[in-house]
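First the structure, in the form of structure tokens, and then the observations on it.
The values are calculated or read from the model by the stated rules, or taken from the named source; none is laboratory data. Just so it is clear, the model here is predicted, and its values are computed rather than measured. Glycine also receives a Cβ, built like all others from the backbone with ideal geometry; neighbour counts cover every protein chain displayed. Accessible surface areas use protein heavy atoms only, side chains included; no ligands, DNA or RNA. Shrake-Rupley method; radii C 1.70, N 1.55, O 1.52, S 1.80 Å.
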Amino acid sequence: MPAFNHSGWRPPADAWTRRDVMRNGMASFAGLCLLGNVPGTRRPGSKAVTSAALRAQARAPFEPFRRDLPIPPELVPTRRTRNEEFFETTIREGIAEILPGFDTPVYGYDGIYPGPTIRASTGRTTVLTTRNALPFHQNVHLHGGLQAPRDDGHPQDLIVPGGSFAYRYPNDQDASTLWYHDHAHGANSRTIYFGLAGFYLLEDDLERDLELPRGKYDVPLMIQDRAFNRDGSLRYGEDIDLGFLGDTILVNGAVAPRMQVERRLYRLRFLNGSNARDYRLRLGRGRVMTQIGSDGGLLEFPLRRRRFTLSPAERADILIDFRDYRPGTELVLRNELGERSTVAVMRFDVVRGGGSEEARIRRALRPLAPLPRPNAERSWVLSMAGTEWHIGGRAWNPNRIDCRPRLGTSELWQFVNRSQRVHPMHIHGCHFRVVARGSGRVTDDDRGWKDTVRVAPDERVTVQPYITSFPGRYVFHCHALEHATAGMMLQMEVVR
Ligand code: C2O
Ligand code: CU
Ligand code: CU
């Protein structure tokens, strides 16, 4: 365990899986059919099982397109006033059926994986009372949300076992696809892996007026890679350098599922909820998709995309017009950065019907607010030092403030990657625009308001954060969770 794990506790999850691995005494269940293909999960000395019978038996639950896409249930408010909406959730252990016929222990909000979807509206505060029924400290961070430091899930603000906390989200920001997850430092690479992540969909009037697909035509998709033990339990292996890389792709908690789609326009809200894996997604052999939003909400104009890249924590809001396809068409969504078992992400099966379409794709979506001229410039070198990852030559230290931007101003932050790994850099308490990339011009993956940006090996990326949240402390970090665990997180104090 890294020395900077100030709180001194660790979740039992690691022990729990380690015990399973020992009991099984062999390679991962998934490993049976995928031996040797997954750099991040291969372990020196693990014994290969070659029995054809075992292999065949093991393969079935991992075959793609066998299960229908699950949609996480929506959390129902317990109470509502004019200006506030109240929700409650309990973080606890649960059982998920990820592999058909197997019970997989998970950590879940209300025990389910992925967590329930929370819907919220701009202008009305969400109060999320969270009870911690796990035997170790937890908190909740609303990723992409602009909330006060006390409500932001700062790694030092933890809910003790048996305790609870009421997070207040003012929702004073544009409609966007946000997500919530654990942010307990030293724990969350495991707790998120074992299930603690869910969608938070924020709506506003401007977006409603655009007549985008709604209801069952508006689908959140959480993409995550995982590995399994023979008994169907999740297997986690910490790799500080590469980050965790699993050999099985899940969407909303199901192995590369299929989804029946009518001949309609669909809004697909993609989230890369993986610990460390990047995806470059392509539909069929490169069919056109229309991107309408990114991390911070709607883009200015729709963008035609034949592929798009998502690093951990990034979102892409995509429209696909299935009226372009005949019933019976099967369209596979592929990950161009995957190998073998991590290529197939999901499949869309076009079916008859769909009725008449009311949704449409407008020419313009939302004007992007201008940014004030930058008030300061900062440069952050991203590098590895022994078993730590550093930002600007420093590892996480909760007792140190690393910079003090002014509320209401914007700054230029340059991330200089001096390593051979991708770092998805995420800043709390603000949104930013990507203004320059060393490797060339800003790409289509950089459009709109962002909260997480992919910084490729040896690349420099300049972003312009607009500090519009609240005074106080916020963290910024690499969202490759194992990198953050290994120190790749600093904090700023927003000052007046
Ligand atoms: Cu998605 Cu600091 O978090
Ligand atoms: Cu965040
Ligand atoms: Cu990183």
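Applying a threshold of 8 Å to beta carbon distances and a minimum spacing of six or more residues, or different chains, the list of pairs starting in region 316-338 at a residue that is under 19 Å from Glu358 (Cβ atoms) and open to solvent by 50 Å² or more (accessible area, probe 1.4 Å) and ending at one that is assigned to a strand (DSSP E or B) and not small (Gly, Ala, Ser) reads Arg323/Leu265. Filtering region 78-103 down to residues that are assigned to a loop (DSSP other than H, G, I, E, B) and among the acidic types (Asp, Glu), which residue is surrounded by the most Cβ atoms within 10 Å (Cβ to Cβ)? My answer is Glu97.
Among the residues of region 241-267, count how many are within 25 Å of Pro61 (Cβ to Cβ) and without any contact (Cβ under 8 Å) to a residue 60 or more places away in the chain. Residues that pass the stated criteria total 0. Scanning region 310-335 for residues that are closer than 15 Å to Gly273 by Cα and touching a Ser or Thr at 6+ places or on another chain (Cβ under 8 Å) gives Ser311, Pro312, Ala313, Glu314, Arg315, Ala316, Asp317, Asn335.
Only residues that are open to solvent by 10 Å² or more (accessible area, probe 1.4 Å) and not in a strand (DSSP E or B): list them for region 250-283, please. Passing the criteria: Glu262, Arg263, Arg264, Ala276, Arg277, Asp278.
Have a look at Thr177, Thr126 and point out the one that is open to solvent by less than 10 Å² (accessible area, probe 1.4 Å), at pLDDT 95 or above, more than 16 Å from ligand 1 (Cβ to nearest atom) and of a type in the set (Val, Ile, Thr). Exactly one residue qualifies, and that residue is Thr126. In region 284-300, the residue that is surrounded by the fewest Cβ atoms within 10 Å (Cβ to Cβ) out of those that are farther than 26 Å from Tyr200 by Cβ and in contact with a Leu (Cβ under 9 Å, 6 or more places away or on another chain) is Arg287. The single condition from (1) away from ligand 3 (no atom under 16 Å from the Cβ); (2) open to solvent by less than 10 Å² (accessible area, probe 1.4 Å); (3) more than 25 Å from Arg79 (Cβ to Cβ) that Ala120 fails is (3). Of the set (1) open to solvent by 40 Å² or more (accessible area, probe 1.4 Å); (2) touching a residue at least 24 places away in the same chain (Cβ under 8 Å), all apply to Gly393 but (2). Reported count of residues in region 399-440, each being part of a loop (DSSP other than H, G, I, E, B) and either of a type in the set (A, V, I, L, M) or within 16 Å of ligand 1 (Cβ to nearest atom) (or both), is 7. Of all residues in region 60-71, one or more are without any contact (Cβ under 8 Å) to a residue 60 or more places away in the chain and within 29 Å of Arg258 (Cβ to Cβ). The one condition from (1) crowded, with 20+ Cβ neighbours inside 10 Å; (2) modelled with pLDDT under 95 that Arg352 does not meet is (1). Quick check: anything in region 430-445 of a type outside the set (Lys, Arg), under 23 Å from Gln224 (Cβ atoms) and more than 16 Å from ligand 3 (Cβ to nearest atom)? For region 430-445, residues of a type outside the set (Lys, Arg), under 23 Å from Gln224 (Cβ atoms) and more than 16 Å from ligand 3 (Cβ to nearest atom): present. Can you work out which of the residues in region 461-476 that are farther than 20 Å from Pro370 by Cα and away from ligand 3 (no atom under 15 Å from the Cβ) is least open to solvent (accessible area, probe 1.4 Å)? Among those that are farther than 20 Å from Pro370 by Cα and away from ligand 3 (no atom under 15 Å from the Cβ), it is Tyr474.
For region 402-436, the set of residues classified as open to solvent by less than 30 Å² (accessible area, probe 1.4 Å) and over 18 Å from Val494 (Cα atoms) consists of Phe415, Val416, Asn417, Ser419, His423, Pro424, Met425, Val434, listed by residue number. Taking the conditions (1) of a type outside the set (Phe, Trp, Tyr); (2) open to solvent by 10 Å² or more (accessible area, probe 1.4 Å); (3) in contact with a strand residue (DSSP E or B) (Cβ under 6 Å, 6 or more places away or on another chain) in turn, Glu211 satisfies each one other than (3).
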